[in-house]
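A.B. asks: After the structure tokens below, expect a handful of questions from me.
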Amino acid sequence: MSAQEARTDTAPRKRVSRLLLAAAWLVPGLGHWLLGKRVRAAVFLLAIAASFVTGVLLEGEMGTPKAGHPFSWLATFACLGNGLLYLARMVWLNGLGGALGGIPFGLSGGGDPTAAGFAYGNTFLYTAGLMNLLVVLDVADIARGEKS
């Protein structure tokens, strides 16, 4: 039996607050901030926000579900990882009524497919969301005491 298995058998896993995880998802770095990891929080916020803004400036399209395109759901999941950044951008593009009324297939993701940086912009937007989801997992590990 390895040391990892022995630790798992003897110590029950500490539960993590869903509110903490929701805060970590909604605002990049907020979960680390609440756990007292201020420098790490600032670095994550800057990296994720910079990636998101770069994607928007390069005319990238926010992932939105499209009927008949099942892989569009993967792009949507990746972009949803941006939390409030994603939600704010969707309201900016569609207006509040359009953002709420167009769920799931009536949303505009913005972007300009003829722009030179369109594909790069998409990649930056997806990467920012996936980075934030990894940051949420990091918050969960720290809150459980599995990582410092």
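The values are calculated or read from the model by the stated rules, or taken from the named source; none is laboratory data. All values reported here derive from a predicted model rather than from experimental measurement. Because the Cβ atoms are built from the backbone with ideal geometry, glycine has one as well, and the counts that use them run over all protein chains shown.
A.B. asks: Say we look at segment 95-118 and pick out the residues that are farther than 21 Å from residue 130 by Cβ and under 20 Å from the mean Cα position of the chain (by Cα); which of these is modelled with the highest pLDDT?
C.D. replies: Once the filter is applied, the top-ranked residue is 108.
A.B. asks: One residue is enough: does segment 101-124 have a residue meeting the conditions acidic (Asp, Glu) and within 22 Å of residue 30 (Cα to Cα)?
C.D. replies: Checking segment 101-124: not a single residue is acidic (Asp, Glu) and within 22 Å of residue 30 (Cα to Cα).
A.B. asks: If you scan segment 32-42, which residues turn out to be surrounded by 14 or more Cβ atoms within 10 Å (Cβ to Cβ) and not basic (Lys, Arg)?
C.D. replies: 32, 33, 34, 35, 41
For every residue, the table says whether it meets (1) surrounded by fewer than 18 Cβ atoms within 10 Å (Cβ to Cβ); (2) not aliphatic (A, V, I, L, M).
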site: 52; (1), (2): no, yes
site: 57; (1), (2): yes, no
site: 63; (1), (2): no, yes
site: 66; (1), (2): yes, yes
site: 81; (1), (2): no, yes
site: 87; (1), (2): yes, no
site: 92; (1), (2): yes, yes
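A.B. asks: So which of 26, 85, 74 ends up being under 18 Å from residue 111 (Cα atoms), in contact with a helix residue (DSSP H, G or I) (Cβ under 8 Å, 6 or more places away or on another chain) and aliphatic (A, V, I, L, M)?
C.D. replies: Result of the check over 26, 85, 74: 85.
A.B. asks: Considering only residues of segment 125-148 that are at pLDDT 95 or above and polar (S, T, N, Q), which is farthest from residue 26 (Cα to Cα)?
C.D. replies: Going through the qualifying residues, I end up with 127.
A.B. asks: Of all residues in segment 43-87, which are within 23 Å of residue 33 (Cα to Cα) and either modelled with pLDDT under 90 or aromatic (Phe, Trp, Tyr) (or both)?
C.D. replies: Across segment 43-87, the qualifying residues are 44, 52, 86, 87.
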